Every structure is written in C-alpha cells, then in structure tokens.
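Shown next, in structure tokens, is the structure this report addresses.
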Amino acid sequence: MPTQRTPADRLDQAVDALLAGEHVTLDASLRPALSAAEALRSTLLPVPPGSRFQAALAGRIHGDRLAERTLRAVNTTRGRLIAAGAVSSAAVGVGVTAYAVWRTSRRHARPAHR
Amino acid sequence: MTQAPAAMPREPRDDPDAAAVRAAQRDRRAFEVLYRRYLDRVYAYAFYALGDHHDAEDATERTFLAALKGIDAYSHTGAGFRAWLFRIAHNTVSNAMRSRRRKATQPLPEGWDRAAPNADPATLVARAEEGRRVLRAVGELPLDRRQVVLLRFVDGLSAAEIGEVLDRSPGAVRVLLHRALRDLAARLDA
C-alpha cells in the first residue's frame, strides 16, 4: 500500500530539485516555503576562504604530519638508546664480574708470602 | 510515541569519499584530497554560522585538524564521511558560539553584490537589500532551524546527512526544515 507523503517530505524533495537547478512546482500551501527556499538559494552564496588562510592551514596539516613523523623517529631512536643502554650495562656488569672472578682465582693460585 | 531512528547504514561504496578516506587512513598525505574537497564548504558553513571571517577561519582550522587526528578511527557507517566531517564542524562551531556568547548575526559575505557584474546599479542595490533581509531573517531563526537551513543550503547536505550531524532522524530534519522555511516565509513577508 503506498504511504501518504507528508508536506515536509514533499518540500524536502522540492528543495533537492531546487538545489539541483531544476524548475519546481508545488501546491499552494507549500508555495511560500518554496519561495523562502529560492531566496535562500540565491542569498547563501559560496564564501571561499582567503588564499593566505588556505595556504597556512595546508601548511599546518602538513606540519602535523611532519611533527608526527619526527615524534615517531624520536620514539624509535629513544627505544634504540634504551636497548643499547641496557645491553651496555649488562656487558659492563658481566665484564666487572668476570674480572673479579679472574682476580680472585689468580690470588688463590699465587703462593703465600712467608 | 517516539519516532524510531531511521536505519541508514550504508556500504562504503555508497560514500563518494570512501576511497579517499581509505587512502588517508593508509597514508595521511592523502588527507589533502579530502581537505581540498571540503575546505570551501566547511568554511562557508562556519562563516554563515559565526558571522565573521576570522572566527570562521579558526573553526575551519580546528575542524580539519580534528578530522586529520581522528581519520584513523573513522569507520564507514551512517551517512558517510561528509556527515562525519560536518559533525565535527558543527561541534566546533557550537563550541565557538557558546564560548564567545555570540549571537550569530549574519553579515553579508564579501563579494555578495558581485554576483551579476553587468546588472544595473538599481538591481544590484535591490538585490543586496533583499540579501540583507534574508540573512537577517536566517539569523533570527531558532538555533536548530538555522543549523538545518545552513547545512541544507550552504553545504547541500541531505536530510539523512543532517540527521547524522545533529543526531536526529531524517524525518525530524525534514520537519525542522519545513518549519524553518515557513518561519522564514512569514518573516520575509512581514
């Protein structure tokens, strides 16, 4: 069964057609609203932003990407530094321990002074 | 009785921006395509809503930077990328209006009377005066009706898309638009 379209639905469809540049006719009850829609269409003209602003915003968008890449690089570098630091500390620890063991073993191996 | 929210999930293929969004999610450099596609419309919405070029620039910048930040989290549901972007723009503009306690009176956009350069001066003056009346009447509309009018006529969003932006059903948006146009007709006729 076909559903009855409301005035709001019919007006919305008429606005669609109006915005597409088509000629629109509606019944008398909706004609004042359609006239208001026509007035809006010819009044609310596109307002392009200034070229300086466009360039600045494009730069900011690019800059944000640059900042993100830099941050990622720094994070990666920081990670490498931490890993290198941990390895170095471990190596130093192992070295010191090995030296201490070696010194102790040499001391025990030497004959005692009389 | 409450009106059931309209079910309008769309497949990505229905969204004309789907490919550009996917590209931007893979590589943010591709966001520039979306930026260029929507810059004028977001700016125009902000300008007509806030009534000032400087404020419109600020709101436009915030909108695109927020969109860039959130593009990874965007998923193709609802009315598409355009509605998602204008939802950000709408929230940004609403915050600006709240924080500045600004009543959005609408000044004429620059270059308004350059629309018909060959028209005779009397026609231009009459047009400019008519334009002022229309903009004044739009500025006097209740906020929700004004927002629907701007999103529909400045940005060309459909009722479904405006519903996504304003968190209303498409039917409720159509009713708001109907009321707004009747209201405007009465104001312009007075």
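Nothing in this text is a laboratory measurement; each read-out follows from the coordinates by a stated rule. The structure displayed is predicted, hence computed values, not measured ones. Backbone-built Cβ (ideal geometry, glycine too); neighbour counts: all protein chains shown.
Across peptide B:21-34, the mean count of Cβ atoms from other chains lying within 10 Å of each residue's own Cβ comes to 1. Other protein chain C-beta atoms within 10 Å of residue C-beta, averaged over B:168-180: 4. Under 1.5 on a/c is rounded, so check that first for the stretch B:22-69, then, if it is not, pick prolate when a/b is larger than b/c and oblate when it is not; a ≥ b ≥ c are the square roots of the alpha carbon gyration tensor eigenvalues. It is prolate, given that a/c is not under 1.5 and a/b is the larger ratio.
Ordered by packing density, taken as the mean number of other Cβ atoms within 10 Å over each peptide's residues, highest first, how do A:33-41, A:14-22 rank?
A:33-41, A:14-22
Reported to the nearest whole Å, the Cα centre-to-centre distance from the stretch B:127-190 to the stretch B:26-95 is 20. Stretching the chain fully between A:R5 and A:S51 yields a gain of 12.0 nm (0.36 nm per residue, less the alpha carbon separation). Sorting B:173-186, A:49-62 by average packing, meaning the other beta carbons within 10 Å per residue, from highest down gives B:173-186, A:49-62. The simple spin-label model puts a point 7 Å past each Cα toward its Cβ; for B:H54 and A:E38 those points are separated by 4.0 nm.
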